[in-house]
Amino acid sequence: MAINRARLRQLIEAPDLLALPGVFDGFSTRLVEHSGFEAAFITGSGISESRLGQPDVGIMGLEENVAAVRAMTSCSSLLLLADGDTGYGNAVNVYHATRAFERAGAGGVMFEDQAWPKRCGHMKGKEVIDAQEMVQKLRAAAEAREDPDFIIKSRTDVLATHGLDEAVKRLNLYAEAGADLLFADAVMTVEQIKVLAANLSKPLCVNMGFGIRQRPTTPLLSSRELQDLGVRVAIYPRLLTGSALQGMISGLGLFRQSLDSGQRVDRPDACASFEVLHDIIGIHEADELEKRFLTDAQYRAKYGSETTGAVR
């Protein structure tokens with residue numbers, strides 16, 4: 001499947017805000033595409049939590065991350081921006097990581113300036129590397145990409161450790177080194193967003209905690225408010241992971257209630273129907289392939305007297 005990375009660049013540079021839901025597996029990727037989005041952000045925390053059952057504290061490695069990305073790009077035509085954590089080493093590692101994410105079908109990749117092992121951007125205990133070390137990582141990433149439209153997104157976590165002025169300084173250095181999209185994680189106020197948007201040389205991305213019950217680190221703003229502040233891209237990494245987990249908690253709670261009471265608990269609204277699941281996951285694609293390529297004898301063996309109707 002051809003990847004239209006130029007389209008992703010166009011969406012990022014357009015005046016309208018680009019809202020990217022966070023995807024983390026085949027279900028979420030298919031659902032976001034089914035819902036009409038062109039692009040999405042692959043949440044590294046979501047992969048670590050769902051694939052490994054581990055928190056986002058640097059346990060997941062490059063190969064596990066890339067394998068998850070490859071699975072998501074293979075089942076969808078979404079333009080997907082990957083989360084490359086710190087690049088899993090020094091600038092040379094970032095060079096090879098960039099190639100790996102690009103060849104896995106991503107539209108771009110994000111690298112951050114935390115020390116390894118990294119932590120989720122909204123956790124305490126973060127440490128950052130020297131700005132010049134990160135500049136070299138981004139220079140390596142920009143040189144490694146084979147498609148010039150492959151997006152390099154740079155993230156700084158320096159707001160929590162050194163403050164706003166250092167975040168602005170670093171992100172502009174990162175832009176000079178080759179980053180196309182700039183992201184300061186864990187922004188605390190609307191004023192900080194406004195300052196960042198006004199003083200950065202490349203498009204600004206912010207992280208929105210939409211769907212999180214407790215007060216998120218960054219103020220929750222509407223897409224129009226973000227656009228008016230000068231933000232170009234907003235990511236919603238926890239939207240679908242939180243929704244999926246709450247759905248499973250609710251479903252298991254009903255199941256436990258049924259087991260404990262010995263009574264049937266009938267709540268059809270608690271689960272997606274078989275038909276909805278198949279529609280989102282693309283069963284019609286598999287059906288169409290069977291009709292095109294199975295022989296009539298094979299098709300009859302599976303479905304009875306029906307034939308494929310295909311021209312032989």
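One table, with the values for the structure above:
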| read-out | value |
| --- | --- |
| Residue under evaluation MET188, criteria (1) open to solvent by 30 Å² or more (accessible area, probe 1.4 Å); (2) in a helix (DSSP H, G or I), criterion not met | (2) |
| Wholly enclosed helices (runs of 4 or more DSSP H) of segment 1-65 bearing at least 1 residues open to solvent by 20 Å² or more (accessible area, probe 1.4 Å), over 19 Å from ALA100 (Cβ atoms) and of a type in the set (Phe, Trp, Tyr) | 26-34 |
| Lone unmet requirement of (1) over 21 Å from PRO237 (Cβ atoms); (2) open to solvent by 60 Å² or more (accessible area, probe 1.4 Å); (3) without any contact (Cβ under 8 Å) to a residue 40 or more places away in the chain for ASN90 | (3) |
| Residue in segment 52-67 that is touching a Phe, Trp or Tyr at 6+ places or on another chain (Cβ under 8 Å) and more than 20 Å from ILE152 (Cβ to Cβ) present | yes |
| Segments classed as helices (runs of 4 or more DSSP H), wholly inside segment 221-312, with at least 1 members that are open to solvent by 80 Å² or more (accessible area, probe 1.4 Å) and of a type in the set (A, V, I, L, M, F, W, C) | 238-261, 274-281, 283-293, 296-303 |
| Residue selected from segment 98-116 under the condition small (Gly, Ala, Ser) and in contact (Cβ under 8 Å) with a residue 40 or more places away in the chain, by the criterion surrounded by the fewest Cβ atoms within 10 Å (Cβ to Cβ) | GLY105 |
| Flag if LEU171 is open to solvent by less than 10 Å² (accessible area, probe 1.4 Å) and hydrophobic (A, V, I, L, M, F, W, C) | yes |
| Residue match in segment 126-147 (condition: of a type in the set (S, T, N, Q), touching a residue at least 12 places away in the same chain (Cβ under 8 Å) and open to solvent by less than 60 Å² (accessible area, probe 1.4 Å)) | no |
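Residues are listed down the side, and each one gets a yes or a no for (1) modelled with pLDDT of 95 or more; (2) under 27 Å from PHE37 (Cα atoms):
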{"residue": "LEU173", "(1), (2)": "yes, no"}
{"residue": "THR217", "(1), (2)": "no, yes"}
{"residue": "GLY230", "(1), (2)": "yes, yes"}
{"residue": "VAL233", "(1), (2)": "yes, yes"}
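The values are calculated or read from the model by the stated rules, or taken from the named source; none is laboratory data. Values in this document were obtained by computation on a predicted structure and should not be read as measured data. Heads up, the Cβs are rebuilt from the backbone with ideal geometry, glycines too, and the neighbour counts pull from every protein chain shown. All accessible areas refer to the heavy atoms of the entire protein, side chains included, with ligands and DNA or RNA removed. Shrake-Rupley method; radii C 1.70, N 1.55, O 1.52, S 1.80 Å.
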